[in-house]
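Data first, discussion second: the structure below is written as structure tokens.
The values are calculated or read from the model by the stated rules, or taken from the named source; none is laboratory data. Only a predicted model underlies this, so the values are computations on that prediction, with no experimental measurement involved. Cβ sites come from the backbone with ideal geometry, for glycine too, and all protein chains shown count toward neighbours.
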Amino acid sequence: MKIRKAIIPVAGMGTRFLPASKAQPKEMLAVVDKPVIQYIVEEAVASGIEEIIFVTSNGKRAIEDHFDRNFELEYRLEQKRKKAALKAVSKIGKLAKFAFVRQAKPLGDGHAVLTALPFVDAHEPVAVLFGDDIIDSDEKPALRQLMDVYEKYGDPVIALQKVPKKDVSKYGVIGGKSVGAGAYQIDRFVEKPPVSKAPSNLIVIGRYILTPEVFDILPSQAAGGDGEIRLADAFNTLLEQNKALYGCKFEGTRYDCGNKLGFLKAQVELGLKHPDTGSNLKRYLKKTIKSL
Ligand code: G1P
């Protein structure tokens, strides 16, 4: 079945990015000239997504405004014949159909998905994209690569990345076997294990294809010790029920824009690729590196 809808949870408080995220959503911080969240929406749309449900919270209004039209701004840009700016601004609201639903309490990523589920057909698979990661792919968007694995097997799919073993403890880590072309059949999912207990160095990145099997589990999924309903626990329940779960080691560069260094790397590397800034930034970096 074609995946038409995506859920993007953006209700988190952005505590890793304070004070920048004190009075604005961290998802609205700009990388070169676009907010992080726009890169994520563009990846979803380029993958074939038509409807996007944001799970928001208090203080996230700027995201709603960004994906809405701004008639006054468009009118003024038209008057001033600022064609490129007008095009860049007016296309945003037309990228997809957008809906916003509030997560009243910060009860975890599984709870965020549950909050959006009334707006998803019970028989329909759905994509979930977290608001932190920009994935830059020259060929196929990362989410589209996950959809290809879903279309082959018809089961839930998780985005995977190989990292140095020492870095695994910050993430969900999977165990399983390669079934070809970047796809893995997962038999273990361990959330943030110590390095010595990690089943592999394949970590979970915030892109998922969820199917009705996962929707069935979430409402009764017990909260973890921290009181949060986590997707990670729902995936473990799925595995306990002997149901299939796949991974997709996608091609592309991932920038974790939820932490300072990842955000800076995204600025530099996407700035080097951008036609307005690329050559001057390259010159500047060469000069700066020489003087270090
Ligand atoms: C969540 C998931 C984890 C995953 C990570 C990716 O953790 O629970 O499995 O590896 O996102 O960013 P969080 O970063 O919300 O603690």
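Which one is nearest to the chain's Cα centre (by Cα) among residues in the stretch 131-143 that are surrounded by 24 or more Cβ atoms within 10 Å (Cβ to Cβ) and of a type outside the set (Asp, Glu)? Ranking the candidates gives Gly131 first.
Here is a yes/no grid of residues against (1) crowded, with 19+ Cβ neighbours inside 10 Å; (2) farther than 23 Å from Arg230 by Cβ; (3) within 16 Å of the ligand (Cβ to nearest atom); (4) in contact (Cβ under 8 Å) with a residue 12 or more places away in the chain:
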| position | (1), (2), (3), (4) |
| --- | --- |
| Ile53 | yes, no, no, yes |
| Lys60 | yes, no, no, yes |
| Asp68 | no, yes, no, yes |
| Leu73 | no, yes, no, yes |
| Glu78 | no, yes, no, no |
| Lys82 | no, yes, no, no |
| Glu124 | no, no, no, yes |
| Leu129 | yes, no, yes, yes |
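Could you say whether any residue in the stretch 148-168 is surrounded by fewer than 20 Cβ atoms within 10 Å (Cβ to Cβ), out of contact with any Lys or Arg (no Cβ under 8 Å at 6 or more places or on another chain) and at positive phi? Within the stretch 148-168, one or more residues are surrounded by fewer than 20 Cβ atoms within 10 Å (Cβ to Cβ), out of contact with any Lys or Arg (no Cβ under 8 Å at 6 or more places or on another chain) and at positive phi. Of the strands (runs of 3 or more DSSP E) lying entirely inside the stretch 171-223, those carrying at least 3 residues that are within 14 Å of the ligand (Cβ to nearest atom), over 18 Å from Val113 (Cα atoms) and in contact (Cβ under 8 Å) with a residue 40 or more places away in the chain are 183-191.
When each of Gly180, Gly176, Gly224 is tested for being over 26 Å from Leu107 (Cα atoms) and either surrounded by fewer than 13 Cβ atoms within 10 Å (Cβ to Cβ) or touching a helix residue (DSSP H, G or I) at 6+ places or on another chain (Cβ under 8 Å) (or both), the lone residue that passes is Gly180. Taking the stretch 4-41 as the range and being touching a strand residue (DSSP E or B) at 6+ places or on another chain (Cβ under 8 Å) and either among the small types (Gly, Ala, Ser) or more than 20 Å from Ala112 (Cα to Cα) (or both) as the test, the residues that pass are Ala6, Ala11, Leu29, Val31, Tyr39. For the stretch 68-112, what are the residues that are among the hydrophobic types (A, V, I, L, M, F, W, C), within 19 Å of Pro35 (Cα to Cα) and assigned to a strand (DSSP E or B)? Result: Phe98, Ala99, Phe100. Specify the residue that is modelled with the lowest pLDDT; the eligible residues are those in the stretch 97-140 that are of a type in the set (A, V, I, L, M), touching a helix residue (DSSP H, G or I) at 6+ places or on another chain (Cβ under 7 Å) and under 23 Å from Asp155 (Cβ atoms). Checked the stretch 97-140; the qualifying residue modelled with the lowest pLDDT is Ala122. Residues in the stretch 157-166 that are closer than 26 Å to Arg144 by Cβ and not hydrophobic (A, V, I, L, M, F, W, C) were compared, and the one that is nearest to the ligand (Cβ to nearest atom) is Gln161. For the stretch 233-281, a residue qualifies if it is assigned to a helix (DSSP H, G or I), within 16 Å of the ligand (Cβ to nearest atom) and among the β-branched types (Val, Ile, Thr), and exactly one does: Thr237. Residues of the stretch 186-211 that are surrounded by 15 or more Cβ atoms within 10 Å (Cβ to Cβ), closer than 21 Å to Lys243 by Cβ and not aliphatic (A, V, I, L, M): Arg188, Phe189, Glu191, Pro199, Ser200, Arg207, Tyr208, Thr211.
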